[in-house]
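The values are calculated or read from the model by the stated rules, or taken from the named source; none is laboratory data. This structure is a prediction, so every number in the text was calculated from the model and none was measured. For neighbour counting, all protein chains shown are included, and Cβ atoms are generated from backbone atoms with ideal geometry for every residue, glycine included. The protein model used for the area step is the full one, side chains on, heavy atoms only, and it has no ligands, DNA or RNA in it. Shrake-Rupley method; radii C 1.70, N 1.55, O 1.52, S 1.80 Å.
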Amino acid sequence: KTQDPNRYFEAVEYGYGIFTGEHECSVTGDSSVLDKCVELLKNAFSLIKAKQDKSLSLNAAKKAQIAFNDPALTRYKDDFINIFVDHLTDAANYGSLDAMNELYNIYKDGVVVEEDNQKAFAWLLKLGETGNSDAQLQIADYYSEGEFVAQNLTGAVNWYGKAAKSNAI
């Protein structure tokens, strides 16, 4: 029988409820319960990684994002940030447009990761190549203005043309 990562997530939610006192229990507030939740989360993430599925990878990234924003999990924050970026990258590489857009934004704005204009632009290009008209228009603007990349008016015209064909302008 194939293991289901959603069952791990359910176990984590229940375990976290024990930790926070949502479920009346003698071990409420016990950090070992929290450690077990983290272990279960990591098991779920490993299963998802093996499945190579864009929606599962995107879901894993969202779960990791919730985890690194949770004050109770502060000591695991860096682990969960790495897991977030890793699964988001997987989802993008499997074709998730939402993940490509999220990677563009986090690298552009330096949110969660160090700002990296080259990586941001690379993800924007991948998104633009899928036919995303907003991305195509943004790429054209960057080439026109010389932002993120060297000014390239020929490139700008090319991307404005793609955006026009996609009805963005």
Of those in region 88-112 that are part of a helix (DSSP H, G or I) and β-branched (Val, Ile, Thr), the residue most open to solvent (accessible area, probe 1.4 Å) is THR89
Suppose the filter is part of a helix (DSSP H, G or I), surrounded by 14 or more Cβ atoms within 10 Å (Cβ to Cβ) and either at pLDDT 95 or above or charged (D, E, K, R) (or both); does VAL33 pass it?
no
One residue is enough: does region 117-131 have a residue meeting the conditions in a helix (DSSP H, G or I) and of a type in the set (Ser, Thr, Tyr)?
no
Determine which single condition THR89 fails, assuming it passes every other condition in (1) farther than 22 Å from VAL112 by Cβ; (2) of a type in the set (Val, Ile, Thr); (3) without any contact (Cβ under 8 Å) to a residue 24 or more places away in the chain.
(1)
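Rundown of residues vs (1) touching a Gly at 6+ places or on another chain (Cβ under 7 Å); (2) of a type in the set (Lys, Arg); (3) farther than 17 Å from PHE84 by Cβ, yes/no style:
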{"position": "ARG7", "(1), (2), (3)": "no, yes, yes"}
{"position": "TYR14", "(1), (2), (3)": "no, no, yes"}
{"position": "ILE18", "(1), (2), (3)": "no, no, yes"}
{"position": "HIS23", "(1), (2), (3)": "yes, no, yes"}
{"position": "LYS54", "(1), (2), (3)": "yes, yes, no"}
{"position": "GLN65", "(1), (2), (3)": "no, no, no"}
Just need a number here: residues in region 52-78 that are under 16 Å from ALA92 (Cβ atoms) and either open to solvent by 70 Å² or more (accessible area, probe 1.4 Å) or hydroxyl-bearing (Ser, Thr, Tyr) (or both).
5
Selection from region 5-30 of residues that are among the acidic types (Asp, Glu) and either at pLDDT 90 or above or on the phi > 0 side of the Ramachandran plot (or both):
GLU10, GLU13, GLU22
What pairs come out if I take residues in region 95-108 that are in contact (Cβ under 8 Å) with a residue 40 or more places away in the chain and pair them with residues that are among the small types (Gly, Ala, Ser) and surrounded by fewer than 20 Cβ atoms within 10 Å (Cβ to Cβ) whose C-beta lies under 9 Å away, six or more apart or interchain?
SER96/SER55
Extreme residue, nearest to LYS77 (Cα to Cα), among residues of region 113-166 that are surrounded by 17 or more Cβ atoms within 10 Å (Cβ to Cβ) and small (Gly, Ala, Ser)
ALA120
